[in-house]
Amino acid sequence: MKHGYLIDMDGVLYRGSKLIPGADHFVKQLLARDIPFMFLTNNSQRTRRDMVAKLGRMGIQVEEKHIFTCAMATARFLAHQKPGGTAFVIGEGGLLAALHRNGYAVVDHKPDYVVIGEGRTFNLEQVEAAVNMVQEGAKLIATNMDPNCPTQNGIRPGCGAMVSMVEKATGVEAFSVGKPSPIMMRAARKELGLTTAETTMIGDTMETDILGGVQLGFNTVLVLSGGTKKEDLQEYAYRPDVIVDSLAEYTQLLEESEWHTPCPSPGLLPELVAVAG
Ligand SMILES: [Mg+2]
């Protein structure tokens, strides 16, 4: 059966700038076997080209077509909702480039939308401007609502933490396009030319990767190489189909099934039941 993968990046392929062992081998196998895949990231900071360069430095050689960011999803969504619109942006290159490419003008006066993504240049002046624009009727859009992101030293505040300031100040709830929103996850699946049943989502975050995958009916694989520990799973009302330590372990499972089944059923693999607890 044809199948393919949507793969989260942070906590799955790398943490910060450090490759997670086995991730490079997994991607090489997908390329060698002509299995369709796309990296799906809730980080809006970088462009596709930036991401290809970052992965290349870590030994993962892919092309721009393999990258799908929440910045791209957000820009395409806005271009569809209101073609040729304007946006005030708190964010960086990846988001600005995606908006421009989709026919949006970036302005600092009376925008149609206030769009917030990640960035390290976030400041209170921008937040104050955003708050006033939302008060005057601009729609509040978040590229994603991740409260934090894993780094090699622990965590850093995510886009959701920044969006919360504007939400709190205005009393307006942001509309978020990134994972787990079906807007982003379905768009990526369609771009790969896969059906729902042919799609497997691999990620390290229950609230985004796994929740989105479960809601859309994808197969789901949780890797424990990022922000989630096995004991955290009891807090959730939903669970992934497969739980593995990392992509290295998932590669082993696929090799055992000769890469035929994207998600070996726990019923068929007793050791997997043990892993899933
Ligand atoms: Mg992640």
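Taken together, the values in this text are just the output of simple stated rules run on the coordinates, not laboratory data. Remember, predicted model here, so these are calculated numbers, not experimental data. All Cβ positions, even for glycine, are placed from backbone atoms using ideal geometry, and neighbour counts span all protein chains on display.
Return Lys229, Lys65 ranked ascending by Cβ neighbour count within 10 Å, so the fewest neighbours appear first.
So the residues, fewest neighbours to most, are Lys229, Lys65.
Let a ≥ b ≥ c be the square roots of the eigenvalues of the Cα gyration tensor of segment 71-176; is it rounded (a/c under 1.5), or, if not, prolate (a/b larger than b/c) or oblate?
Because a/c hits 1.5 or more and a/b fails to exceed b/c, segment 71-176 counts as oblate.
Given an 8 Å cut-off on Cα distances and at least 6 residues of separation, report the relative contact order of the chain as a percent.
So the answer I get is 19 percent.
If each residue's Cβ is checked for other Cβ atoms within 10 Å, how do Val244, Val221 rank with the fewest at the top?
Sorted ascending by nearby Cβ count, the order is Val244, Val221.
Test of understanding: ordering Asp108, Asp241, Asp50 by Cβ neighbours within 10 Å, fewest first, what list do you get?
Placing the least packed residue first, the sequence is Asp108, Asp50, Asp241.
Lys/Arg Cβ at +1, Asp/Glu Cβ at -1, dipole of segment 130-248 taken about the Cα centre: which of Ser225, Pro147, Met162 is farthest positive-ward?
Positive-end residue among those listed: Met162.
So what is the 222 nm mean residue ellipticity for the chain from helices alone, if each DSSP H run of at least 4 adds -39500 (n - 2.57) and you divide by all residues, rounding to the nearest 500 deg cm²/dmol?
So the helix-based figure for the chain works out to -10500 deg cm²/dmol.
Can you compute the charge dipole magnitude of segment 71-176 about its Cα centre, using +1 on each Lys and Arg Cβ and -1 on each Asp and Glu Cβ, nothing else charged? Give it in debye, rounded to the nearest 20.
Dipole about the Cα centre, nearest 20: 280 debye.
With charges only on Cβ, +1 for K and R and -1 for D and E, what is the dipole size of the chain about its Cα centre, in debye, rounded to 20?
720 debye
Amide H of Arg46: which non-local residues (sequence gap of 5 or more, or other chain) have their own amide H closer than 5 Å, using H built in the peptide plane?
Gly94
Please work out whether segment 112-234 counts as rounded, prolate or oblate from its C-alpha gyration tensor, where a ≥ b ≥ c are the square roots of the eigenvalues and a/c under 1.5 means rounded, while otherwise a/b larger than b/c means prolate and anything else oblate?
oblate
Put a dot 7 Å past each Cα toward the Cβ at Arg101 and Tyr238; how far apart are the dots in nm?
For the pair Tyr238/Arg101, the computed spacing is 2.8 nm.
Using +1 at the C-beta of Lys and Arg and -1 at the C-beta of Asp and Glu, which of Gln135, Leu78, Gly117 has the Cα lying farthest in the positive direction of the dipole of segment 63-222?
Leu78
Under 24 Å Cα-Cα from Lys230, which lysines qualify once same-chain neighbours fewer than 8 residues away are excluded?
Within reach: Lys18, Lys179.
With 20 Å as the limit, write out which pairs from Lys82/Lys190; Lys82/Lys110; Lys2/Lys190; Lys54/Lys190; Lys28/Lys190; Lys82/Lys139 have Cα-Cα distances beyond it, or answer none.
Over 20 Å Cα-Cα: Lys82/Lys190; Lys54/Lys190; Lys28/Lys190.
Where a ≥ b ≥ c are the square roots of the eigenvalues of the C-alpha gyration tensor, would you call segment 206-257 rounded, which needs a/c under 1.5, or, failing that, prolate if a/b is larger than b/c, or oblate?
Oblate, because a/c is 1.5 or more while a/b does not exceed b/c.
Mind checking which aspartates and glutamates have their Cα closer than 17 Å to the Cα of Lys168? Skip sequence neighbours fewer than 8 apart in that chain.
Within reach: Glu125, Glu128, Glu136, Asp146.
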